[in-house]
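Please see the structure below; I have some questions.
The values are calculated or read from the model by the stated rules, or taken from the named source; none is laboratory data. Nothing here was measured: the structure is a model prediction, and the numbers come from that model. Every residue, glycine as well, gets a Cβ built from its backbone with ideal geometry; the counts of neighbours run over all protein chains shown. All accessible areas refer to the heavy atoms of the entire protein, side chains included, with ligands and DNA or RNA removed. Shrake-Rupley method; radii C 1.70, N 1.55, O 1.52, S 1.80 Å.
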Amino acid sequence: MNITTLNGILPILILTGVGLLVLLVEAFIERDRERRFAFILSLAGIIATLVSLFSQLVHHDADLLLFGGALIVDHTGLAFSIIICLGALLVLILSHRHVTRIHRNAGEFYSLILFATLGMHALTISNDMMTFFVSLEVMSVAVYILAGVNRKSLKSNESALKYLILGAFSTAFLLLGIAFVYGATGQMGFMEIKEALLSEANAPFQSVGILGLILIMVGFIFKIGAFPFQQWVPDVYEGAPSIVTAFMATCVKTAAFAILLRGLFTFFQADESGFLMSALTVITVLTMIFGNFMALIQSNIKRLIAYSGIAHTGYILLAILAALSDPAKPDITPILFYLLVYTLMTVGAFAVLIGASRGGEEVETFEDIRGLGYKHKLLGLFMAFFFFSLAGIPSTAGFMGKFFIFKAAISKELYALAVIGILTAVVSVYYYLKIVVYLYLKEENRRYEKYSIQWNYLLASFLTFLLVLFLGIFPQFGFKLLK
Amino acid sequence: MTDPVVLTDVLFLLFSVTAIVFSLLVVVMKNPIHSSISLVLSFLPIAAIYVLFHAPFVAVIQILVYAGAIMVLFTFVIMMVDLSEKEYTLHKGKIYKLLSFLIMGGFLLMVPYMVTRFLPETISEPKESVVLSHFTSKKEAHEFGSTKNIGKLIFGKPVINDPVQANDNTLKSMQIVSFELASILIMVAIVGAMILARTRKKEER
């Protein structure tokens, strides 16, 4: 194992090591110091991972194949991993103090977050079916557990069970697809599969291979929560503890998009009938419409964010379609930028929601946030800003993200899709602003007792606020970073 | 004597149909114990298919680990959960008891036999070849799935030489990453089991 290899897998090594250490903290450190110690340790681990990823991205000049092509350290994978780690870092900051409210052992919670992040990173740089599948499962299993981590809450249990059963169902599709592809090509590596599918000698197995690819697509679409397989999203997001929902809505989704993108860019040329592309177009349109219109009628804020998350998935799919229509030199920067911005906005919104919850009760309905803007001025301001950004109001990063996606779609002459996207984005303004209205709605007969919130919520929401504002005004910095 | 390839084809069909029938029974059966027993029975033809593919080691593992250990555990859990409900208990006639003793005894005898019979060192050259496009030679197809090769698969050395890149060493140690990741996966699963299955009392302390 030489130094290049070691550098390539350094993030994986750090996350594994720190994850295991955090698990062991409970055994060696006395109870009252355990939580803080585990927190600092995992925070250091995530920051170290982030630094290592950044240095790899900065010094990146050629794609690095590791372990005989099982892993590929390339620009796309690293950029996705950085977004994921940033999300995980923010979630970690948020979970400090809060974590013991949902689970009695902080170390277990943190280590699961770290292992899930490890799975996600391995997923973004995986380059063959075996590595891809195992890392997907590392991520999924950790998140299934996180969804059910609050055992006292029936809803959390229900959501974990639903997620597990439906997730296992989608995994079955994925495995069957992998089996078909392996049967048709006899290869496990992504590039080898592509070559085998395109080669003349393999023509008789072509249709079996395509069938396998379609089944794999079904698995991916489930994970990103796009239209025909989206029903689990609101139920799971609603039931899981808010902090885990924030993690699922951002990091898991980004990782799923990373592997979807790698799969699509590798394989879609093998599909000469164009079925995958037309299917993806239909899915994109339906996802945008369904997500936005269902969000209109929600009364629970977490469900609303879940449905709006489905809508955002639709926008990112639109950006993927735009990138795919120019396979020679696909421009994936809009996708990365949007995912970065979406991660920041969503974690920010959850930071405020969790920070505003009182006495163990999570903020759920619109009534719960009524007048929040008066109770805590800063918190209300942040919240309003994040929802403006999610709606895509100019001067926020959310606007720039949507702008670049629609620009890419129009420049690739996907006019109809762009129009549908813009129209549904207009619809989305209604339900996002509804939340802002409730924030500043006065209650008749109650005085607002001002309350303080803990530093970590303020820190997380302030950081995301700054970044969203900054990327909204100077998006070129984000572009330069991700390009 | 029939053509060996045809014979394996017939056997393959036979075993796959049995496997499918038993897998269907798993879903169709009303009684969960019947379902779980059908599941055990569906593992056996699958193990036979592995043998047809010259992967005796995987076949033995399939029977030992899945049919032997995991399924028994499954059945126990179902029995523990549903013991109170009469309709879910098995028949208790003498014939059934005798039969179950016979089956269990046969299984117990079979295990040492299969282990000694199929130890990787003692595997003899296969007499016929299965038509599998990925293997370039009989020997290779035969070795696929033996202990030696599983070791190779994980720790280096190409296992399957693709005709296209016969001398290419890039396949070397390709699976070590997934192997190591799998260990983390199991770790996560254990932590999850601890979290979710810990007794309530401790939780509410």
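Trypsin sites (Lys or Arg not before Pro), restricted to region A:365-431: which are DSSP loop and have at most 12 other Cβ atoms within 10 Å?
none
Highest mean first, how do A:226-233, B:26-33, A:85-92 rank when packing is the count of other Cβ atoms within 10 Å averaged over residues?
My ranking of the peptides, most packed first, is A:85-92, A:226-233, B:26-33.
Which value does Rg/Rh take for region A:142-207 over its C-alpha atoms, Rh per Kirkwood?
Computed over Cα atoms, the ratio is 1.31.
Other chains near A:139-149: what is the mean number of their Cβ atoms within 10 Å of each residue's Cβ?
Taking the mean over all residues of the peptide, I get 4.
Would you tally the net charge around A:Val99, using a Cβ to Cβ cut-off of less than 10 Å, leaving A:Val99 out, and scoring K and R as +1, D and E as -1?
With Lys, Arg at +1 and Asp, Glu at -1, the net is +3.
Any idea what Rg and Dmax come out to for region A:274-483 if you just take the C-alpha atoms, in Å?
18.0, 64
Taking the Cα centre of region A:274-483 as the origin, how large is its charge dipole in debye, to the nearest 20, when only Lys and Arg (+1) and Asp and Glu (-1) carry charge on their Cβ atoms?
Charge dipole of region A:274-483: 360 debye, to the nearest 20.
Can I ask one more? Can you sort A:Phe275, B:Phe12 by solvent-accessible area, 1.4 Å probe, largest first? Intermediate values should be presented prior to the final figure.
Numbers: A:Phe275 105, B:Phe12 80 Å².
Largest accessible area first, the residues go A:Phe275, B:Phe12.
Which order do A:Ser411, A:Ser95 take when ranked by solvent-accessible area (1.4 Å probe, heavy atoms of all protein chains), largest first?
Most to least solvent-accessible, the answer reads A:Ser411, A:Ser95.
Separate question: In vacuo Debye scattering of region A:40-189, one point per C-alpha: log10 I(q)/I(0) at q = 0.15, 0.17 Å⁻¹?
Reported log10 I(q)/I(0), two decimals: -0.89, -1.05.
Give the longest segment of chain A that steers clear of GluC sites (Glu not before Pro) in DSSP loops with at most 15 neighbouring Cβ atoms within 10 Å, not counting the sites themselves.
Here the longest run is A:31-271.
Also, quick follow-up: Taking Cα pairs under 8 Å and at least six residues apart, what relative contact order does chain A come out at, in percent? Present the calculation step by step, with values, prior to reporting the outcome.
Values: 760 pairs, mean separation 65.6, N = 483.
Relative contact order, chain A: 14 percent.
Count, for each residue of A:111-118, the Cβ atoms from other chains sitting within 10 Å of its Cβ, then give me the mean as a whole number.
Taking the mean over all residues of the peptide, I get 2.
I've got another one for you. Ignoring solvent entirely, what values of log10 I(q)/I(0) come out of the Debye formula for region B:1-82 at 0.24 Å⁻¹ when each Cα is a single scatterer?
-1.08
Relative to the longest principal Cα axis of chain A, at what angle does helix A:206-224 sit, 0 to 90 degrees, rounded to 10?
With both axes taken from Cα atoms, the answer is about 10 degrees.
Counting partner chain Cβ atoms within 10 Å of every residue's Cβ in A:132-138, what's the average?
Other-chain Cβ atoms within 10 Å of each residue's Cβ, averaged: 5.
Please tell me the relative contact order of region A:274-483 in percent, rounded to the nearest whole number, where contacts are Cα pairs under 8 Å and at least six residues apart.
Relative CO of region A:274-483 lands at 29 percent.
Here's a follow-up. Would you mind working out the magnitude of the charge dipole of chain A relative to its Cα centre, with +1 at each Lys and Arg C-beta and -1 at each Asp and Glu C-beta, to the nearest 20 Debye?
Value, rounded to 20: 1640 debye.
With every atom except the alpha carbons ignored, what do you get for Rg and Dmax of chain A, in angstroms?
Both quantities, over Cα of chain A: 21.8, 79 Å.
Continuing with the same structure: Give A:Lys152/A:Lys375; A:Lys377/A:Lys434; A:Lys377/A:Lys402; A:Lys253/A:Lys375; A:Lys329/A:Lys480 a once-over and call out the pairs whose C-alpha atoms are over 25 Å from each other.
A:Lys152/A:Lys375; A:Lys377/A:Lys402; A:Lys253/A:Lys375
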